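What follows is a short report on a single structure.
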Amino acid sequence: MTRAAARGFVALVVGGVCLVSQGPGLAQQTEAPAELRSLLEGTWELVEWHVDGEVLRPPAAGGRWVNHDGVVVATFHRETAAGFESFIGYGTYEMDASHWSYTYDRIETASGPSAGEAAVTVRPGGEPRRFTIARDGDAVVLEGTNDRREYADGYFSYLPNGTLLRKYRKVEE
């Protein structure tokens, strides 16, 4: 075997091992039933943001929640007379039949009196957020520490501390 062929073979083996051992996320993801994945994976468009007793809707508020192929992306913003707020985070998620978790790799936030005057902050994503998966009738419920997420009838509702904060509608692909 020539030296170039040996290097190619080593690269092929190392690449294959890296692909197979990308961590528990991909292995766990395949364990989740297809029906569950079809309910939790996809793209959702922000349709309501509840803040200070007011319900904001586009164009005053907008955003997306995206779960595809082990990648999570969240982006949302709102602008009212009280000020501007924006969030962008991306990272990875894992799921099996009874648990779902995600971790942001990077988060960018912006806030200020208006979009033009907003200060931007960039930080690492932090610790994983872990949830147990339960059923409540036709709804799939993710329960975490001070965090509840409900997926039902084509909508995803985010309820920190049991209070509805944001509601998203699933985008058909």
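Read the figures in this text as sums done on the coordinates, not as results from a lab. On a predicted model such as this, the values are computed, not experimentally measured, just so you know. Glycine gets a Cβ as well: all are built from the backbone with ideal geometry, and neighbour counts include every protein chain shown.
Please compute the net charge surrounding Val51, taking Lys and Arg as +1 and Asp and Glu as -1 over other residues with Cβ under 11 Å from its Cβ.
Summing Lys and Arg as +1 and Asp and Glu as -1 gives -2.
Could you put Glu150, Glu127, Glu94 in order, starting from the residue whose Cβ has the fewest other Cβ atoms within 10 Å? Before the final figure, lay out each step's value.
Details: Glu150 18, Glu127 7, Glu94 22.
Ordered from fewest to most neighbouring Cβ atoms within 10 Å, Glu150, Glu127, Glu94 come out as Glu127, Glu150, Glu94.
In what sequence, highest mean first, do 36-49, 159-172 appear when ranked by Cβ atoms within 10 angstrom?
Working: 36-49: 17.9, 159-172: 14.4.
Final packing ranking: 36-49, 159-172.
Would region 43-166 count as rounded, prolate or oblate if I go by the C-alpha gyration tensor, calling it rounded below 1.5 in a/c and otherwise prolate when a/b exceeds b/c, oblate otherwise? Walk me through the numbers on the way to the answer.
Working: a/c = 2.14, a/b = 1.40, b/c = 1.52.
Cα axes put region 43-166 in the oblate bin.
Would you work out the charge dipole size for region 25-173 about its Cα centre, treating the Cβ of every Lys and Arg as +1 and the Cβ of every Asp and Glu as -1, and quote it to the nearest 20 debye?
On the way: 15 positive and 24 negative charges, 43 e Å.
I would put it at about 200 debye.
Which stretch or stretches of region 134-160 have amide N atoms under 18 Å from the point lying 7 Å from Ser98's Cα along the Cα→Cβ direction?
134-136, 140-145, by backbone N distance to the label point.
Give me the net charge for the shell around Glu31: Cβ to Cβ below 12 angstrom, other residues only, Lys and Arg +1, Asp and Glu -1. Please list the in-between numbers first.
Numbers: positive: Arg37; negative: Glu94, Asp96.
With Lys, Arg at +1 and Asp, Glu at -1, the net is -1.
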